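Asks: Before I ask anything, here is the structure I am working with.
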Amino acid sequence: GTKKYLAKGREYGKGRGLWTRGVVPDTTLGKCLVLDIPINLRYYPLAGTHHKFFVSSGISSYIFLTEDYEFLYAMNASDLIQSWSGKNEVRNYFGVANFSLGYELHLQREFYLQIEPFFKVPLEELGFGNVDLLTTGVYFTIKYRFHRRRKTLNPTSSP
């Protein structure tokens, strides 16, 4: 997914030595295309016939496919770095913790609706700019439950 964010001052590029004459931007605008690969466990502590509540937790790896940044300064100096872009520069394996709470409603037959607010907390600094990229949102899911057909043995009749 695409992650857009705004970082203040020294929140971007920590320890990288990126800045011309050591002048740090006042604001960094970031837009990154990130592949999020989660491994999560889900537990249903409250489950009824038509309603279920669940909690989920796990870990994600982020692969930054593209990163585009614009740097804004209080001073106007043309020699200061104004932007940076990169492709496939950074991979953060198992660098993000995932947490969510959810509700599942049985709609009809084998269809279910899930609503799941989530947040993702960085376990390390992420991307080229070494940022603490906290992510929140809500997953809306339509789930279909497949049933396997069971073979039944037909007793053969004897004459």
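Asks: If a residue counts only when it is at pLDDT below 85 and open to solvent by 70 Å² or more (accessible area, probe 1.4 Å), which strands (runs of 3 or more DSSP E) contained entirely in segment 1-90 have at least 2 such residues?
Replies: 2-8
Asks: Given G1, G13, G102, G22, which one is within 13 Å of the chain's Cα centre (by Cα) and of a type in the set (G, A, S)?
Replies: Going through G1, G13, G102, G22 in turn, just one is within 13 Å of the chain's Cα centre (by Cα) and of a type in the set (G, A, S): G1.
Asks: Ok, one more. Quick one: in segment 120-139, which of the residues that are under 14 Å from Y5 (Cα atoms) and open to solvent by 70 Å² or more (accessible area, probe 1.4 Å) is farthest from the chain's Cα centre (by Cα)?
Replies: Once the filter is applied, the top-ranked residue is D132.
Asks: Does at least one position in segment 58-67 carry a residue that is among the polar types (S, T, N, Q), over 16 Å from G127 (Cβ atoms) and touching a residue at least 24 places away in the same chain (Cβ under 8 Å)?
Replies: For segment 58-67, residues among the polar types (S, T, N, Q), over 16 Å from G127 (Cβ atoms) and touching a residue at least 24 places away in the same chain (Cβ under 8 Å): absent.
The values are calculated or read from the model by the stated rules, or taken from the named source; none is laboratory data. None of these values were measured; they are calculated from a predicted model. Counting neighbours? That spans all protein chains shown, and the Cβs are built from the backbone with ideal geometry, glycine included. Side chains included, ligands, DNA and RNA excluded: accessible areas come from the protein's heavy atoms. Shrake-Rupley method; radii C 1.70, N 1.55, O 1.52, S 1.80 Å.
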